[in-house]
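Heads up: the structure comes next, in structure tokens.
Values in this text are rule-based calculations from the coordinates and carry no lab data. None of the values given here were measured: they were computed from a predicted structure. Here the Cβ positions follow ideal geometry from the backbone for every residue, glycine too, while neighbour counts run over all protein chains shown.
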Amino acid sequence: MNINASLERVRERAAAEGLLDVAYASTDSPFGPLLLAKTPMGLVRLGLPNQDADELLVELAAKISPRVLEAPAALDEERRELDLYFDRKLDSFDLPLDWSLSDGFRLRVLHQIATIPYGETRTYTEMARGAGNERAVRAAGTACGRNPIPLVVPCHRVLRSGGALGGYGGGLPMKRGLLTLEGVLDESPPG
């Protein structure tokens, strides 16, 4: 008996019987492998290449449900949209999102970030203001750093006042690469 076929039947049965609360899969990107996880409500976690996938899965099991199962077919649409984005053929994701890993001010900041159009940037101050507290710039930065759904909720589009890149959970080379991909930064090397 083919082990992959058996695993697929187990996945399908778990989903059909309501035993699958979190489906996950990995996908390639120009920056390295990404971990995608979704609940019945939508995409709940996108792990970046520099994040430990096993730790992210443990976190999902603790914060969402222990019923976490690898189910690549369940994330076909998310992987398709990410591929199109990286190929510069998609400038707006159309995926349902599960915001349950964020709350309070952080969630309000992430909702603000989600409105930043492709190829544009905003400042941490603008995100704090939009979330209801203009003086909470550091908290807005923390919300960006703890964004559980980067890329789709484009925290890479948030910069420091004056245009400096600031930080990024995937590292500054990835932030620079994403902003270059979107045409915000010049592709030619400085010099």
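Results, tabulated for the structure shown:
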| read-out | value |
| --- | --- |
| Under 22 Å from the Cα of Lys63 - lysines, other chains or at least 8 residues apart | Lys38 |
| Angle between the chain longest axis and helix 172-181 axis [Cα atoms, degrees, rounded to 10] | 90 degrees |
| Region 22-38 - phi-based ³J(HN,Hα) in whole Hz, Karplus 6.51/-1.76/1.60, Gly and Pro as x | 9, 9, 9, 7, 10, 8, 7, 9, x, 9, x, x, 10, 9, 10, 9, 9 |
| Separation of the Met41 and Lys63 label points, Cα + 7 Å toward Cβ, nm | 1.2 nm |
| Efficiency of FRET between Asp76 and Arg160 - r from beta-carbon atoms, R0 35 angstrom, step 0.05 | 0.40 |
| Antiparallel DSSP beta bridges within the chain, as percent of all bridges there, nearest 5 | 60 percent |
| Using θ = phi - 60° and Karplus 6.51 cos²θ - 1.76 cosθ + 1.60, couplings along region 74-85 (whole Hz; Gly, Pro as x) | 5, 10, 4, 5, 4, 5, 4, 5, 5, 4, 5, 4 |
| Cα-Cα P(r), region 78-191, percent of pairs per 10 Å interval | 14, 48, 31, 6, 0 |
| Whole-Hz couplings from phi, Karplus 6.51/-1.76/1.60, listed for region 144-155; x for Gly and Pro | 4, x, 9, 4, x, 10, x, 6, 6, 9, x, 5 |
| Filtered GluC sites (Glu not before Pro), region 24-132: DSSP coil and at most 13 other beta carbons within 10 Å | Glu120 |
| Dipole magnitude (debye, nearest 20) for the chain, charges at Cβ of Lys, Arg, Asp, Glu | 700 debye |
| The chain, Rg to Rh (Cα coordinates; Rh as Kirkwood inverse mean 1/r) | 1.00 |
| Angle between the chain longest axis and helix 104-113 axis [Cα atoms, degrees, rounded to 10] | 80 degrees |
| 5 angstrom amide H check on Ile149, placed H, neighbours 5+ away | Leu46 |
| Loop-resident sites, region 83-128, for trypsin sites (Lys or Arg not before Pro), counting at most 14 other Cβ within 10 Å (DSSP) | Arg88, Lys89 |
| Long-range amide H partners of Leu43 with built H, under 5 Å | Leu97, Asp98 |
| Point-to-point label distance, Leu172-Leu84, nm (Cα→Cβ direction, 7 Å offset) | 3.4 nm |
| Asp94-Glu120 pseudo-label distance in nm [points 7 Å out on the Cα-to-Cβ vector] | 2.0 nm |
| Whole-number percent relative contact order across the chain, with pairs defined as alpha carbons under 8 Å at least 6 apart | 18 percent |
| Extension gain, Leu107 back to Asp52 (0.36 nm per residue minus Cα-Cα distance, nm) | 17.5 nm |
